[in-house]
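Data first, discussion second: the structure below is written as structure tokens.
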Amino acid sequence: MTMKNAETLRKMLLENGASRAEIIVADQVAYDVSFRDMCAQNSCGRYGKCHMCPPDVGDIHALIARAKAYAGGVFYQKIYTIEDSFDFEGMMDARRAQSALAFSLDEKAREMLNPGFLHLSVGGCGLCKTCTREENLPCRYPDKALASLEAYGVDVYNTAKNAGMKYVNGENTITYFGIFLLKGDQNG
């Protein structure tokens, strides 16, 4: 998939559940290694328990370099309604829905165009109910597993701003993001 396919991908994302999707170039994606520090604090409980989460996902500098090698891509968001700002259960339900949406979008992207893209989404993978990392076994689905934006050091707030998107989309909502990074047209 190349940047010349970005508009086709953007339309597919919108037709299949994204609330908004914008084509962005590489320098619009903001990175910050400090997001790995948040992962290491294990606030989500996935640190060391998921192949696609730190520390197993890889060195932060290598991951940022890998992501920066793409020409740009399509940054997307999905806005979910929750009861109020304290609705933790609603936030977790939305996070699971976002993970399911990301895997569905990933599958559709693979069907419509050749791979050759990097898809990053919310939180730690979530494809399997229990990651085999917890049993020190290899990943069941290494070609389908998705890493998070934060694992790659993506500063979601500033990337959303650079894409002309809101990070916060109103009272009683939570917004989750994903990105498909694409090769440049010259790479075909």
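When each of ASP143, ASP106 is tested for being surrounded by fewer than 17 Cβ atoms within 10 Å (Cβ to Cβ) and under 16 Å from the mean Cα position of the chain (by Cα), the lone residue that passes is ASP143. Being at pLDDT 90 or above, closer than 20 Å to ALA160 by Cα and acidic (Asp, Glu) holds for only one residue in ASP84, ASP32, and it is ASP32. Residues being open to solvent by 30 Å² or more (accessible area, probe 1.4 Å), among the polar types (S, T, N, Q) and assigned to a loop (DSSP other than H, G, I, E, B) are represented in the range 129-139 by at least one member.
GLY45 falls short on exactly one of the conditions (1) open to solvent by less than 30 Å² (accessible area, probe 1.4 Å); (2) touching a residue at least 24 places away in the same chain (Cβ under 8 Å), and that condition is (2). In the set THR8, THR2, only one residue is of a type outside the set (D, E, K, R), out of contact with any Ser or Thr (no Cβ under 8 Å at 6 or more places or on another chain) and at pLDDT below 80; that residue is THR2. For the range 152-170, a residue qualifies if it is modelled with pLDDT of 95 or more and over 22 Å from SER99 (Cβ atoms), and the qualifying residues are ASN158, LYS161, ASN162, GLY164.
Residues that are of a type outside the set (Val, Ile, Thr) and over 19 Å from SER148 (Cα atoms) within the range 167-182 comprise ASN169, GLY170, GLU171, ASN172, listed in sequence order. Of the numbered criteria (1) closer than 22 Å to ALA160 by Cα; (2) of a type in the set (D, E, K, R); (3) open to solvent by 50 Å² or more (accessible area, probe 1.4 Å), the one ASP56 fails is (1). Restricting attention to the range 119-151, the residues that are touching a Gly at 6+ places or on another chain (Cβ under 9 Å) and either at pLDDT 95 or above or on the phi > 0 side of the Ramachandran plot (or both) add up to 2.
Annotation: of all residues in the range 71-99 being outside any loop (DSSP other than H, G, I, E, B), without any contact (Cβ under 8 Å) to a residue 24 or more places away in the chain and not acidic (Asp, Glu), the one that is surrounded by the fewest Cβ atoms within 10 Å (Cβ to Cβ) is PHE88. Scan the range 6-39 for residues that are of a type outside the set (Lys, Arg), more than 28 Å from HIS61 (Cα to Cα) and open to solvent by 30 Å² or more (accessible area, probe 1.4 Å) and the total you get is 6. In the set ALA62, ALA67, ALA30, only one residue is of a type in the set (Gly, Ala, Ser) and free of Cβ contacts under 8 Å to residues at least 60 places away in the same chain; that residue is ALA62.
The values are calculated or read from the model by the stated rules, or taken from the named source; none is laboratory data. Please read all numbers here as calculations on a predicted model, not as lab measurements. FYI the Cβ positions are ideal-geometry reconstructions off the backbone, even for glycines, and counts take in every protein chain you see. SASA here: full protein model, heavy atoms, side chains in, ligands and nucleic acids out. Shrake-Rupley method; radii C 1.70, N 1.55, O 1.52, S 1.80 Å.
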